[in-house]
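What follows is one structure encoded as structure tokens, with my remarks underneath.
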Amino acid sequence: MFDNIKEFFRTIFRSRLLVAATVMVLLFSVLIFRMFQLQIIKGAEYQDNYTLKIVRERTLNSTRGNILDRNGEVLAYNELAYSITIEDNGSYDSTKEKNKLLNAEIADIITALEKNGDDIINNFKITVNDNGNYEFTVSGSSLKRFLADVFGQASYSDLKYDKKLGYNQAEATADQVMDYLKVTRFGISEDYAEDMAYKITVVRYAMSENSYQKYIATTIASDVSEESVAYVSENTSKLQGVEVIDDTIRKYNDAEYFASIIGYTGKISTEEYESLSADNDNYTLNDVVGKAGIEQVMDASLQGTKGYEKLYVDYLGKAVEVLEREEPSAGNDVYLSIDKNLQIAAYDLLEQEIAGIVYSNIESSGSEMNIPITDVYFALVNNNVIDIEHFSDEKATENEKAVMHIFSGRQQTVLSSVTSELKGASPAAFGSLGEEDQDYFTYIINQLKEKKILLQKSIDKTDEVYQEWQSGTISAQEYLNHAIAQNWIDITQFTIDEKYSDSTEIYDALCDYIMDDIATDTGFSKIIYEYLIKAGSVSGKQLCLILYDQGVLAYDAEEISSLESNAVSPVSFLKDKIKNIEITPAQLALDPCSGSCVITDVKTGELLALVSYPGYDNNRLANTVDADYFASLNTDLSKPLYNYATQERTAPGSTFKMVSSVAGLATGVITPTTQIMDKGVYENISNHPRCWALNHGYTHGLINVSEALRDSCNYFFYDVGYRLATNNFSTSYDDAAGISKIQEYASLLGLDETTGVEIEENDPQIADEYPVMATIGQSNNNYATIQLGRYVSAIANDGNVYEYTLLSKVCDSDGNTLETFEPKVRNTVDVLDTTQWNAIHTGIRMVVENLSTFDNFPIEVAGKTGTAQQSLNRPNHALFVGYAPYSDPEISIATRIAFGYTSHNAAEYAKNVFSYYFDVQDAEELLNGQAENVGESSNSFND
């Protein structure tokens with residue numbers, strides 16, 4: 001029995017199958033035991049370890065500091081909002097899978113956002129233009145940096161010809177860049193609509209700027225609605241790396257009044273990041289920074305200090321537990337020297353004055369320097385007050401459809417005429433064309449130059465055919481054919497068959513390009529509208545009614561009825577709207593449509609107001625740029641983004657005569673009692689300049705420097721300039737010596753350099769030729785209003801020239817002052833004694849006493865008017881500089897109304913500012929005066 005048992009086991013163990021089965025059973029038992037231990041005994045522990053295995057550090061943005069005026073009135077602040085961020089924290093088997101999943105997720109987010117009325121942030125350097133084509137939004141170095149980033153190169157110089165792409169990366173067009181990004185880099189399927197593919201590209205590129213580092217969030221939408229917040233929250237499980245965060249957005253009070261000073265904020269660009277992070281490692285590529293004005297200048301102080309938090313995140317990138325947190329500290333508050341109420345009043349009064357000038361110069365018949373009513377009608381179209389694109393919209397009104405019908409008929413005629421001139425057998429010489437046709441072909445040639453199809457650098461200006469074109473003796477057809485033959489045309493811009501095309505085929509392709517372009521080009525259409533309006537084919541009545549149709553004017557049934565029934569003429573209607581500033585000078589962009597004003601405390605040198613008209617709404621540029629609004633600002637003919645107070649330079653006109661007075665008195669070529677006989681025509685130099693009084697049939701007779709300032713006598717100052725150039729008649733005339741003396745004293749008065757103000761300011765230009773003409777503000781003198789403001793302040797306080805600043809102080813978020821700013825005395829003009837200073841002060845006091853606009857004005861004002869001519873075909877610039885009270889000056893003012901007709905308009909405006917500042921007239925009454933009551937000062941006095 002025992003032997004049998006032994007034999008049985010011996011047989012079993014000799015079996016290989018049995019051994020294998022036994023091993024398998026043992027291994028399976030171990031596996032089951034291990035699974036039981038992992039899932040049952042220690043399941044919760046391991047699940048926690050898996051969930052909490054990723055530690056992430058997240059930056060906590062600080063709150064940007066406020067910007068306030070000198071009295072603590074808030075100008076820029078922050079408002080709580082929600083933003084949506086996305087992170088590339090997924091795990092993918094391949095790039096193809098990643099692109100597919102990420103693009104689909106982004107498309108879902110975009111669709112949801114737009115459904116809720118929200119938009120993605122778009123700082124992409126390519127946009128879609130009105131014609132549906134891609135175009136760059138940057139140029140120069142910014143474009144080069146963008147192209148380098150797109151193609152993954154360290155710098156633009158590293159870009160090269162790419163065989164696979166078939167073009168040089170450095171010369172890539174907007175279409176080529178979009179194709180490369182969509183197809184090669186981001187794998188965006190052709191199944192997406194073009195608009196959606198573009199938006200996905202915008203988001204993907206923004207994410208790529210963070211170098212696709214995991215757990216670095218990219219903000220894709222800000223200030224989103226509660227509906228969008230709810231969408232993200234409800235779909236958190238399927239939206240990989242998407243999160244709603246508490247955020248702030250920048251807001252501006254009284255935006256249009258301060259935008260030219262404060263600027264606005266926006267997402268940091270690559271160039272800005274490289275520049276700012278070189279000195280401050282607190283910046284990241286996801287930051288919002290100042291883009292212009294004080295926001296940009298004081299960005300480091302306003303930014304504050306970021307905080308951080310370390311936290312565990314799960315495999316979906318969702319925060320599970322905070323390990324460590326350091327709170328951010330708010331940015332500092334920046335106080336300006338500007339007085340908010342004075343700034344607003346000065347701006348409103350300036351707009352009122354300019355509107356009054358426009359109002360008083362509109363004439364239905366039209367005459368030299370006045371404004372024909374047809375120009376006013378066309379201005380509504382030309383400056384996009386009326387949207388002509390909406391005329392063809394399916395929701396267009398009957399008025400819009402009627403105008404569109406008229407336009408369409410005329411457009412076909414014009415296009416046929418242009419085609420005939422370009423391709424016909426007998427094209428007309430440009431000079432023999434009518435004015436309208438000349439305008440069309442001038443526009444076409446200019447567009448070819450602007451789009452770099454007709455290469456200006458390649459054109460040989462000595463070429464005989466080119467000179468014939470310039471003289472108008474050949475046709476556009478002849479000129480363009482010659483340009484092709486001379487290789488002045490870049491054919492790659494409109495044909496891809498350049499290797500095989502002969503000149504005839506190239507010309508045909510160019511003509512086809514031109515015709516396709518002008519058929520949809522808004523600028524070309526506007527020329528058609530201009531001539532339709534001039535001919536009366538499109539009436540003023542139709543355009544006025546369209547102002548209501550498009551919501552430019554608030555609906556008013558009574559006014560609409562009056563227009564439709566002809567109870568009120570469109571001329572009267574528009575003049576009334578201009579008078580009441582329901583249609584502003586900036587909207588019309590006629591002469592004048594802009595102006596500036598600088599008000600200074602003459603005792604301290606503090607800037608109290610720095611006005612540039614027109615302004616703009618920087619709320620629409622901050623945070624997420626309103627692309628349409630930004631585009632409209634850049635095409636607005638009144639140039640609201642241009643700071644007229646610090647950037648516009650013109651000749652100073654007779655406001656420069658105080659400089660000449662200082663130079664003459666300081667050098668001894670005249671004394672306060674020196675008298676010069678005004679003979680009308682100054683014979684000592686070859687061009688024989690005339691005194692303005694001679695044009696009115698008289699001269700100023702024998703006068704001294706005070707009287708010469710009073711009368712703005714050109715002859716007197718011609719002689720001062722001549723004496724400076726001849727060392728008071730003791731040597732022969734020396735142009736350089738005379739100019740040197742003028743430059744010396746203009747420099748002493750601060751006119752040789754910028755004022756020190758923190759925002760962008762153009763350099764002044766003291767005349768460097770013709771001293772006789774320079775003394776009356778002509779020659780090539782050119783100054784910004786702010787520079788004239790500093791100069792007149794120095795005159796008012798007997799020679800203290802200040803270094804300006806827009807800043808008052810910087811305080812922390814608790815109100816503790818960290819830094820103070822105050823104007824410093826740049827230099828003192830100590831070349832005159834009291835008697836000489838008094839001679840100048842007396843003269844400019846008499847100027848104001850002789851101005852009818854200051855009749856019975858209770859505050860003694862001293863000042864000097866100035867008229868500067870820039871063009872024979874446009875009105876003169878109007879200038880005034882002055883100070884008050886005369887006996888003990890408190891403030892000075894410098895103002896310029898570009899193309900403002902007469903300096904009396906500038907003087908009248910200055911009087912209104914003084915009236916507001918010194919409470920001469922009720923502020924509400926003053927600021928709500930109608931435009932017809934201004935802009936009509938007497939023109940009996942010239943300068």
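A short reminder: the numbers here are calculations on the coordinates, not readings from a lab. This one's a predicted model, so the numbers in the text were calculated from it and none came from an experiment. Here the Cβ positions follow ideal geometry from the backbone for every residue, glycine too, while neighbour counts run over all protein chains shown.
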State log₁₀ I(q)/I(0) for segment 596-933 at q = 0.07 Å⁻¹ as given by the Debye formula over alpha-carbon point scatterers of equal weight, solvent excluded.
-0.30
Go through segment 797-808 residue by residue and turn each phi into a ³J(HN,Hα) via Karplus (6.51, -1.76, 1.60, θ = phi - 60°); whole Hz please, and just put x for glycine and proline.
9, 6, x, 8, 9, 9, 8, 6, 8, 8, 9, 10
First measure r as the distance between the Cβ atoms of residue 515 and residue 282, then evaluate 1/(1 + (r/R0)^6) with R0 = 51 Å and state the FRET efficiency to the nearest 0.05.
0.40
Tilt relative to the chain, helix 540-549 - C-alpha long axis, 0 to 90 degrees, to 10
40
Exposure-ranked with fewest Cβ neighbours within 10 Å first, 811, 597, 713, 511 stand as 511, 811, 713, 597
Amide H contacts under 5 Å for residue 320, restricted to residues at least 5 apart in sequence or on another chain and with H modeled in the peptide plane, are 312, 313, 314
Run the reach check for residue 534 against lysines, Cα to Cα strictly under 23 Å, same-chain hits fewer than 8 apart removed. What comes back?
401, 526, 575, 577
On a 0 to 90° scale, report how tilted helix 834-849 is relative to the longest principal axis of the chain, with both axes built from alpha carbons and the result rounded to the nearest 10.
90
Residue 809: which aspartates and glutamates have alpha carbons under 15 Å from its alpha carbon, excluding same-chain residues fewer than 8 sequence positions away?
69, 73, 295, 299, 333, 339, 606, 758, 819, 822
With labels modelled as points extended 7 Å from the Cα through the Cβ direction, what inter-label distance (nm, one decimal) is found for residue 163 paired with residue 310?
5.0
Please work out how much length the chain gains when fully extended from residue 769 to residue 860, using 0.36 nm per residue of separation minus the C-alpha to C-alpha distance, in nm with one decimal.
29.1 nm
Local electrostatic count at residue 390 - Lys and Arg +1, Asp and Glu -1, tallied over other residues with Cβ under 9 Å
-4
Would you mind calculating the gained length between residue 560 and residue 104 on full extension (0.36 nm times residue separation, minus the Cα-Cα distance), in nm to one decimal?
159.1 nm
What length, rounded to one decimal in nm, is gained on full extension from residue 539 through to residue 22, with 0.36 nm per residue of separation minus their alpha-carbon distance?
175.8 nm
Hey, which lysines would be in cross-link range of residue 864, C-alpha to C-alpha under 24 Å, not counting anything within fewer than 8 residues on its own chain?
603, 657, 679, 741, 911
Ellipticity estimate at 222 nm from DSSP helix runs (n ≥ 4, -39,500 (n - 2.57)) divided over the chain, nearest 500
-12500 deg cm²/dmol
Please work out the FRET efficiency for the pair residue 679 and residue 737, using the Cβ-Cβ distance as r and a Förster radius of 25 Å; give the result to the nearest 0.05.
0.55
Quick one: which of 466-475, 628-637 comes out on top by average Cβ neighbours within 10 Å, and what's the full order, highest first?
466-475, 628-637
Rg to Rh, two decimals, where segment 815-897 supplies the alpha carbon set and Rh follows Kirkwood
1.11
To test your reading of the geometry: what angle, between 0 and 90 degrees and rounded to tens, separates the Cα axis of helix 503-520 from the longest principal axis of the chain?
80
Can you pull out the GluC sites (Glu not before Pro) in segment 343-416 whose DSSP state is coil and whose Cβ has at most 11 other Cβ atoms within 10 Å?
368, 394
In a shell of Cβ-Cβ distance under 11 Å around residue 531, excluding residue 531 itself, what net charge do Lys and Arg (+1) and Asp and Glu (-1) give?
-2
For a protection proxy built on the mean count of beta-carbon atoms within 10 angstrom, sort 306-313, 581-588 highest first, please.
581-588, 306-313
Please give the net charge around residue 741, taking every other residue with its beta carbon less than 12 angstrom from that of residue 741, where Lys and Arg add +1 and Asp and Glu add -1.
-2
Kirkwood hydrodynamic radius, segment 121-210, all distinct C-alpha pairs: what's the number in Å?
13.5
So, for the Cα atoms of the chain, Rg and Dmax in Å stand at 36.0, 158
